[in-house]
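The values are calculated or read from the model by the stated rules, or taken from the named source; none is laboratory data. Only a predicted model underlies this, so the values are computations on that prediction, with no experimental measurement involved. Methodologically, a virtual Cβ is constructed for each residue, glycine included, from the backbone with ideal geometry; neighbour enumeration extends over all protein chains shown.
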Amino acid sequence: MRFLHTMLRVRNLDTALKFYADAFGLKEVRRIDNDKARFTLVFLCADEDLKLLEALPKTRGAPLVELTYNWDEETYGEDRYFGHLAYEVDDIYATCDRLQKLGITINRPPRDGMMAFIRSPDKHSIELLQKGEAKPPQEPWSSMPNTGHW
């Protein structure tokens, strides 16, 4: 498993970008504006890790901070501003199977062969992403519903 990013929700994207740039020297390396779902994702990287982005895809090459700005105002409460940790795994189905056998609930099953979510005992969300291309849909995952919050 390899650490990928931490997602944080922000109220004001410009203010957040200034904070992370000024306080930590993080650089914007990728931006996604989703008009349909009305959000912006901005991925930030430390100077020391920028070289890692040259060899691997921009969202998977270096440890990143993902700022999530929802265009419509939302009330998260302080416990919802932390979004999730993300890890890349070699085989998402085998990883989810192993976690289930440990008694861990798969809150968002890997129906797409690419992404799953679980939660820690302290209710922190953890995203699992398939390394490389998505795996073909596979049962029981492809028909498994979401469970709880993620």
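Here are the numbers:
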read-out	value
Single residue of 2, 11, 98, 119 found to be exposed (fewer than 14 other Cβ atoms within 10 Å of the Cβ), closer than 21 Å to residue 148 by Cβ and at pLDDT below 95	98
Scope the range 46-93; condition assigned to a helix (DSSP H, G or I) and at pLDDT 90 or above; matching residues	92, 93
Filter result for residue 53 (among the hydrophobic types (A, V, I, L, M, F, W, C) and under 24 Å from residue 142 (Cα atoms))	no
Set 15, 6: member being among the polar types (S, T, N, Q) and without any contact (Cβ under 8 Å) to a residue 40 or more places away in the chain	15
Output for the range 24-61, where each listed residue is aliphatic (A, V, I, L, M) and touching a residue at least 24 places away in the same chain (Cβ under 8 Å)	26, 29, 41, 42, 44, 53
In the range 94-150, the residues that are part of a loop (DSSP other than H, G, I, E, B) and among the polar types (S, T, N, Q)	105, 107, 120, 138, 146, 147
Unmet requirement for residue 86, which otherwise passes all of (1) small (Gly, Ala, Ser); (2) farther than 27 Å from residue 134 by Cβ; (3) touching a residue at least 24 places away in the same chain (Cβ under 8 Å)	(2)
Failed criterion for residue 38 (all others in (1) surrounded by 12 or more Cβ atoms within 10 Å (Cβ to Cβ); (2) in contact with an Asp or Glu (Cβ under 8 Å, 6 or more places away or on another chain) hold)	(1)
